[in-house]
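Written out below as structure tokens is the structure these notes cover.
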Amino acid sequence: MKSSSALAALVVLIVLASTSEAAISCSDVIKDLKPCVSYLVSGSGQPPAACCSGAKALASAASTSEDKKAACNCIKSTAKSIKMNTQLAQALPGNCGITLSINISPNADCSKVG
């Protein structure tokens, strides 16, 4: 009996530790950047206001190193499925007047984000 309750406690600790790593989910990242997709694929000039609002929300939500890595990995995997203009993607944070330490690219090195 003692070993099964110790095992249960260990499982609970592992689950709690793994869920506390990144508070931001990929669905949150996608929701924030969804208004940017058409701009990043075929836009020009300044990004739409909804896109910048989403990018700002992502920038404030991704506050920890773990959040930034999680957001980067999500963006990287999602970016592979769309043919975006890499120049527009690189310029997006500056064009929205924010600093985003996450590279919007299918080739981002997320291990260096933090």
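The values are calculated or read from the model by the stated rules, or taken from the named source; none is laboratory data. Just so we're clear, the structure is a prediction, and the values are computed from it rather than from any experiment. Please note: Cβ atoms are built from the backbone with ideal geometry, for glycine as well, and neighbour counts cover all protein chains shown. The accessibility values were calculated without ligands, DNA or RNA, using every heavy atom of the protein model including side chains. Shrake-Rupley method; radii C 1.70, N 1.55, O 1.52, S 1.80 Å.
So here's what we get for this one:
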{"item": "Within region 22-37, tally of residues that are over 10 Å from the mean Cα position of the chain (by Cα) and open to solvent by less than 80 Å² (accessible area, probe 1.4 Å)", "result": "4"}
{"item": "Among the residues listed as A71, A108, A89, A50, the single one being assigned to a helix (DSSP H, G or I) and either farther than 20 Å from S27 by Cα or within 13 Å of the chain's Cα centre (by Cα) (or both)", "result": "A71"}
{"item": "Flag if K112 is free of Cβ contacts under 8 Å to residues at least 24 places away in the same chain, of a type outside the set (G, A, S) and out of contact with any strand residue (DSSP E or B) (no Cβ under 6 Å at 6 or more places or on another chain)", "result": "yes"}
{"item": "Failed criterion for K68 (all others in (1) modelled with pLDDT of 90 or more; (2) in contact with a helix residue (DSSP H, G or I) (Cβ under 8 Å, 6 or more places away or on another chain); (3) surrounded by 14 or more Cβ atoms within 10 Å (Cβ to Cβ) hold)", "result": "(2)"}
{"item": "From the options K83, K76, residue that is open to solvent by 20 Å² or more (accessible area, probe 1.4 Å) and under 14 Å from the mean Cα position of the chain (by Cα)", "result": "K76"}
{"item": "Region 92-102: number of residues that are in contact with a Lys or Arg (Cβ under 9 Å, 6 or more places away or on another chain) and farther than 13 Å from L33 by Cβ", "result": "2"}
{"item": "Number of the condition not met by S53 [criteria: (1) without any contact (Cβ under 8 Å) to a residue 40 or more places away in the chain; (2) open to solvent by 30 Å² or more (accessible area, probe 1.4 Å); (3) in contact with a helix residue (DSSP H, G or I) (Cβ under 6 Å, 6 or more places away or on another chain)]", "result": "(3)"}
{"item": "Helices (runs of 4 or more DSSP H) contained entirely in region 1-44, each with at least 1 residues that are more than 16 Å from A57 (Cβ to Cβ) and at pLDDT below 90", "result": "2-19"}
{"item": "Matching option when the condition is open to solvent by less than 30 Å² (accessible area, probe 1.4 Å), of a type in the set (A, V, I, L, M), on the phi < 0 side of the Ramachandran plot and in contact with a Cys (Cβ under 9 Å, 6 or more places away or on another chain), among L58, L100, L92", "result": "L92"}
